[in-house]
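Participant: Below is the structure I would like to discuss, written out as structure tokens.
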Amino acid sequence: MTPSARFSVTEVRVAATCPRITYFDADLTRRKRLRPRAVTRLWKAGDSGTACGSMFHNTIESFNRQALDSDEVRTTIETEFHARAIEQSLRAYMNQKCVNLDLLAQKSSEQQQAFIRAVAIYMGELAEIVADARTRGKPAEEVIDHLFGDRRRRVDVTFQVGPKGEAVRVTGTLDYVFYDWRTAHHRVIDYKLTPADDPSNDLFQVALYALMHHVQHGTTPDVGVLYLHPERRMVELPWEEVHGRRHRLFNLLASMAGWIEYDETRRSGLQPPGEPSWCLHCKWDRNGVCLKRLGPKHEGTRLRHWTDAVEAEPAVATRQAAGPSHSWAVEVESTVEDAGNEPADTDGLRIGTAESGTPVLLGIAAMPTHLAVVGAAGSGKTWLAKVIAEEAVRRDVPVLAIDPQGDLVQFLRSSPERSGISEADRQARRDFLAKVEPRIWTPGSSHGRRLRLDPICLPGLDDLRDLDGASRREEEWQGMLGIAASQLVGLARLGGETDSQQTFLMEVFRRLTTDGRGHDVTLERIANVLSEPESIGLDEPDRLIRKAERERMARKLHAMRLGPTSALFAGGTRLDLDAMTRPETPGKVPLNVVYMNALADDHSKHFFAAGLAAEVYRWMVTTSAPAPGRPRLLFYLDEARDYIPAGTSKPPAKLPMIRLFAQGRKYGVAGLICTQSPRSVDYNVFGNCSTKLIGRLESQQDVDRVADWFSTEGAVPPWIAGRKGATAGSFVGRWPGMAPTLEGKPFRSRPLFSLHEGAWSPDRLEREVQSG
């Protein structure tokens, strides 16, 4: 089919920002017969481009071209395993071979410093990827090929998106595509040398690249926007989110084809609306030109036939989106259809009541796309999160909750039955109490059920036989061994050459699982192997780590096993997800709470949380896949900022938690996070939560951060501003398949069926457990 319109990805980015700019650019191109076509550059005050953007892009382009065949780059990747050393070597090569020093010398001192900082950040990111791959045992040739050999950057795709199947052609060249062993996915990265003021539209642009790359090359890439100036920030979306939101892109492309044909003289055709937030910076708004030619900014139309089709008939819409040669919508078809057609309290989570008195049901198929509950202290956020956990139990989904303070251990006791509750809530209460099997786990102590991390469960390749492809199994196996090594080195806190320590432990773990089977390896066994690596066939250990460093690590592991930290590794029950998700009494559903407050210090708490997240990940990848659209575990993290903080801080649990949230939806592990401080939690985790439930917010900064989360999905909902100062127990939410009548409508949480009072101390918990 001949396309009715053709756009570049840059033009689509402009249209996502303000449709009227798209119209004015198209009109100017027609009248002046311009080649190439006019495309307005978008910028706001403060976007001064002081990091030499064109020069930076040219430098990176030159480096990526030359690195594939460079002997110096190859030698660095073959011989270096530490990120810092790799970064220094690659930067030296870039400075010598790729930077136009004469041009740089012409820049101001401020621009030169900004350019150098941006290069340092970029090369640091690249070095981390290289070091991770080499730590996983990837040969240098494979690393070079994956990072620099993929030339599939040019994309040219025709989408049949119009209301009558009209075709729109889109072309572009993406910044960078590579295979990331850390996530076992391709990644499409767009780097920016401007402030991260508009991440939603920047993400929209790179998500378009990902969809086009998928159609043209068959990849399923995650996406990211890496801001390098004036400060580093990475904003990301997993492929599932990109793929699940494609109907918004189709709406925009179809609208663009109509906007550029609008006849402003006759006022006929599809009138483009305006975006007032850009007017102060837009050349087309000078002297009121935009208003005179196209009318008030709020007037105009955006096509939404793809969104309407998804909301009305998800299965039909997704099949239409797939087209004759692509099967994009299999996962979305089952998930959205199940989540959106919840006629009664039969398979939904009964989380509250709307102001009209009707029950608010969260479709169970929305759970694996993760949930976030946000609200200030006293807003009722923990109450609502506990309601979700209770509802999961009612729907036969086991729960594993991390309790930092003592609020969640109260699942052990039922609440007094309230008078005046509805018969439906009364029946739900009976259902929950009949099913729930609460278990309170206390790492390192016997206040509840004592839990230990020893032995460590190392997966074997045979455990991953259900994964498609030998390379995918190998990458997943290496990744899990790498995390286990990193966590053990982090707990030991030896200092010194931590990269060498992790690399050596990785090799030890590989040797211990070479028969393909998973193994339970004790801390004592690991320490003994460090002392005598020849016992597992490691004949040249000094090639990876100095003998003195290795022996010091062995002594520290023995000390951990016998000294003050021994409580984490001795006594009680070993960490076993199979046992945690299996009822002890037939017909019951386990509700596991891991109480962290009895541990002696924050380091032990973080380490145990990291080990728990890693074990959940191992369990979900190595066990049978769940039924489509239905979770098999709810992983609940109360006050997420303690373990997944925003910014560059990397406590031990942060990376395992982020990895779990990024991959959990594919394996039926639903994540639930709860926080009173949205600015303090890593942005990427909330980006992976498709269900967002917003209670009372205290500050305008919190309102702005929450608005930023929603902006990745389209326009910011107007109701977010009203969340500042809202009443306790009132929430507004959005989730996949939500009934349109609930959009922007406040609801109140249903009654809790378990106790909810002040946090329990370890001694109080012990008394409650002993009293039965």
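The values are calculated or read from the model by the stated rules, or taken from the named source; none is laboratory data. Everything quoted here is computed from the prediction, not taken from an experiment. When we count neighbours, we look across all protein chains shown, and the Cβ atoms used for this are built from the backbone with ideal geometry, even at glycine. Just so you know, the surface numbers come from the protein's heavy atoms only, side chains and all, with ligands and any DNA or RNA stripped out. Shrake-Rupley method; radii C 1.70, N 1.55, O 1.52, S 1.80 Å.
Participant: Of all the residues that make up the range 402-427, how many are assigned to a helix (DSSP H, G or I), touching a residue at least 60 places away in the same chain (Cβ under 8 Å) and either open to solvent by less than 20 Å² (accessible area, probe 1.4 Å) or closer than 21 Å to LEU591 by Cβ (or both)?
Facilitator: Residues that pass the stated criteria total 5.
Participant: Scan the range 273-287 and report the pairs whose first residue is at pLDDT 80 or above and whose second residue is of a type in the set (Phe, Trp, Tyr), with Cβ atoms within less than 8 Å and a gap of 6+ or a chain change.
Facilitator: Every condition considered, the pairs that remain are TRP284/PHE24.
Table: residues versus (1) open to solvent by less than 30 Å² (accessible area, probe 1.4 Å); (2) among the aromatic types (Phe, Trp, Tyr); (3) assigned to a helix (DSSP H, G or I).
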{"site": "ALA485", "(1), (2), (3)": "yes, no, yes"}
{"site": "LEU491", "(1), (2), (3)": "yes, no, yes"}
{"site": "GLY495", "(1), (2), (3)": "no, no, no"}
{"site": "GLN501", "(1), (2), (3)": "yes, no, yes"}
{"site": "PHE504", "(1), (2), (3)": "yes, yes, yes"}
{"site": "ARG511", "(1), (2), (3)": "no, no, yes"}
{"site": "ARG517", "(1), (2), (3)": "no, no, no"}
{"site": "ARG525", "(1), (2), (3)": "no, no, yes"}
{"site": "ASP539", "(1), (2), (3)": "no, no, no"}
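Quick grid of which residues meet (1) surrounded by fewer than 19 Cβ atoms within 10 Å (Cβ to Cβ); (2) farther than 12 Å from ARG20 by Cβ:
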| residue | (1), (2) |
| --- | --- |
| VAL242 | no, yes |
| PHE250 | no, yes |
| TRP259 | no, no |
| PRO272 | no, no |
| SER277 | yes, yes |
| CYS282 | no, no |
| ASP285 | no, no |
| CYS290 | no, no |
| ARG293 | yes, no |
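Participant: Determine which single condition VAL706 fails, assuming it passes every other condition in (1) more than 23 Å from ASP403 (Cα to Cα); (2) surrounded by fewer than 17 Cβ atoms within 10 Å (Cβ to Cβ).
Facilitator: Only one criterion in (1) more than 23 Å from ASP403 (Cα to Cα); (2) surrounded by fewer than 17 Cβ atoms within 10 Å (Cβ to Cβ) is unmet by VAL706, namely (2).
Participant: Here's a follow-up. Can you find even one residue in the range 600-620 that is assigned to a loop (DSSP other than H, G, I, E, B), closer than 30 Å to GLU768 by Cα and touching a strand residue (DSSP E or B) at 6+ places or on another chain (Cβ under 7 Å)?
Facilitator: Within the range 600-620, not a single residue is assigned to a loop (DSSP other than H, G, I, E, B), closer than 30 Å to GLU768 by Cα and touching a strand residue (DSSP E or B) at 6+ places or on another chain (Cβ under 7 Å).
Participant: Counting residues that are within 29 Å of GLY496 (Cα to Cα), out of contact with any strand residue (DSSP E or B) (no Cβ under 6 Å at 6 or more places or on another chain) and open to solvent by less than 60 Å² (accessible area, probe 1.4 Å), which helices (runs of 4 or more DSSP H) fully inside the range 51-108 reach at least 3?
Facilitator: Qualifying helices (runs of 4 or more DSSP H): 71-79, 83-97.
Participant: Restricting to the range 230-253, give me the number of residues that are part of a loop (DSSP other than H, G, I, E, B) and over 20 Å from the mean Cα position of the chain (by Cα).
Facilitator: Final tally of qualifying residues: 2.
Participant: Could you tell me which residue of the range 21-52 is modelled with the highest pLDDT, considering only residues that are farther than 23 Å from SER277 by Cβ and not basic (Lys, Arg)?
Facilitator: THR29
Participant: Now for a separate question. Could you please let me know if PRO746 is out of contact with any Asp or Glu (no Cβ under 7 Å at 6 or more places or on another chain) and either of a type in the set (Gly, Ala, Ser) or open to solvent by less than 70 Å² (accessible area, probe 1.4 Å) (or both)?
Facilitator: No: the conditions fail for PRO746.
Participant: Let me ask something else. Determine whether SER255 is more than 20 Å from ARG153 (Cα to Cα), in contact with a Ser or Thr (Cβ under 8 Å, 6 or more places away or on another chain) and surrounded by 22 or more Cβ atoms within 10 Å (Cβ to Cβ).
Facilitator: yes
Participant: State yes or no: is ALA389 outside any loop (DSSP other than H, G, I, E, B), open to solvent by less than 10 Å² (accessible area, probe 1.4 Å), in contact with a helix residue (DSSP H, G or I) (Cβ under 8 Å, 6 or more places away or on another chain) and closer than 24 Å to PRO678 by Cα?
Facilitator: For ALA389, the condition - outside any loop (DSSP other than H, G, I, E, B), open to solvent by less than 10 Å² (accessible area, probe 1.4 Å), in contact with a helix residue (DSSP H, G or I) (Cβ under 8 Å, 6 or more places away or on another chain) and closer than 24 Å to PRO678 by Cα - is met.
Participant: Looking only at the range 531-575, count how many residues are under 34 Å from the mean Cα position of the chain (by Cα) and among the charged types (D, E, K, R).
Facilitator: Summing the residues that are under 34 Å from the mean Cα position of the chain (by Cα) and among the charged types (D, E, K, R) in the range 531-575 gives 1.
Participant: If I filter the range 551-561 for residues that are among the hydrophobic types (A, V, I, L, M, F, W, C), open to solvent by 60 Å² or more (accessible area, probe 1.4 Å) and more than 26 Å from TYR643 (Cα to Cα), do I get at least one hit?
Facilitator: no
Participant: Taking only the range 203-221 into account, find how many residues are in contact with a His (Cβ under 8 Å, 6 or more places away or on another chain) and either of a type in the set (Ser, Thr, Tyr) or surrounded by 22 or more Cβ atoms within 10 Å (Cβ to Cβ) (or both).
Facilitator: Of the residues in that region, 6 qualify.
Participant: Pick out the one residue from ASN684, ASN688 that is of a type in the set (S, T, N, Q), within 20 Å of ALA366 (Cβ to Cβ) and surrounded by 20 or more Cβ atoms within 10 Å (Cβ to Cβ).
Facilitator: ASN688
Participant: Something else: If ARG641 satisfies every condition in (1) closer than 26 Å to HIS243 by Cβ; (2) at pLDDT below 90; (3) part of a helix (DSSP H, G or I) but one, which is the exception?
Facilitator: With (1) closer than 26 Å to HIS243 by Cβ; (2) at pLDDT below 90; (3) part of a helix (DSSP H, G or I) applied to ARG641, the lone miss is (1).
Participant: Please verify whether ASP468 is of a type in the set (D, E, K, R), more than 30 Å from GLY348 (Cβ to Cβ), open to solvent by 30 Å² or more (accessible area, probe 1.4 Å) and in a loop (DSSP other than H, G, I, E, B), treating the condition exactly as stated.
Facilitator: Considered against the rule, which asks whether it is of a type in the set (D, E, K, R), more than 30 Å from GLY348 (Cβ to Cβ), open to solvent by 30 Å² or more (accessible area, probe 1.4 Å) and in a loop (DSSP other than H, G, I, E, B), ASP468 comes out as yes.
Participant: Restricting the search to the range 254-298, which residues are outside any loop (DSSP other than H, G, I, E, B) and among the hydroxyl-bearing types (Ser, Thr, Tyr)?
Facilitator: Of everything in the range 254-298, those that are outside any loop (DSSP other than H, G, I, E, B) and among the hydroxyl-bearing types (Ser, Thr, Tyr) turn out to be SER255, SER268, SER277.
Participant: I would also like to ask the following. Of the residues LYS654, LYS666, only one is among the charged types (D, E, K, R) and open to solvent by less than 40 Å² (accessible area, probe 1.4 Å); which?
Facilitator: Exactly one of LYS654, LYS666 is among the charged types (D, E, K, R) and open to solvent by less than 40 Å² (accessible area, probe 1.4 Å), namely LYS654.
Participant: Given the condition assigned to a helix (DSSP H, G or I), touching a strand residue (DSSP E or B) at 6+ places or on another chain (Cβ under 8 Å), farther than 29 Å from ASP180 by Cα and at pLDDT 85 or above, answer yes or no: does some residue in the range 435-455 qualify?
Facilitator: Yes; the residues of the range 435-455 include at least one that is assigned to a helix (DSSP H, G or I), touching a strand residue (DSSP E or B) at 6+ places or on another chain (Cβ under 8 Å), farther than 29 Å from ASP180 by Cα and at pLDDT 85 or above.
Participant: Here's something else I'd like to know. Test ARG734 against the criterion of being in contact (Cβ under 8 Å) with a residue 40 or more places away in the chain, among the charged types (D, E, K, R) and within 26 Å of VAL409 (Cα to Cα), and give yes or no.
Facilitator: no
Participant: Let me ask another. Counting only residues that are open to solvent by less than 20 Å² (accessible area, probe 1.4 Å) and in a loop (DSSP other than H, G, I, E, B), how many does the range 714-734 have?
Facilitator: 3
Participant: Across the range 577-625, which residue is modelled with the lowest pLDDT among those that are within 19 Å of GLY664 (Cβ to Cβ) and open to solvent by 50 Å² or more (accessible area, probe 1.4 Å)?
Facilitator: Among residues in the range 577-625 that are within 19 Å of GLY664 (Cβ to Cβ) and open to solvent by 50 Å² or more (accessible area, probe 1.4 Å), the one modelled with the lowest pLDDT is ALA625.
Participant: Could you check the range 165-197 and list, in sequence order, the residues that are open to solvent by less than 30 Å² (accessible area, probe 1.4 Å) and either assigned to a loop (DSSP other than H, G, I, E, B) or among the charged types (D, E, K, R) (or both)?
Facilitator: Correct list: GLY165, LEU174, ASP175, ASP180, TRP181, ALA184, ARG187, ASP190, LEU193, ALA196.
Participant: If you don't mind, another one. Could you tell me whether THR220 is farther than 21 Å from ALA38 by Cα, modelled with pLDDT of 85 or more and part of a loop (DSSP other than H, G, I, E, B)?
Facilitator: Yes: the conditions hold for THR220.
Participant: Hey, could you check the range 151-163 for residues that are at pLDDT below 85 and open to solvent by 70 Å² or more (accessible area, probe 1.4 Å) and say which is nearest to TRP306 (Cα to Cα)?
Facilitator: That would be ARG152.
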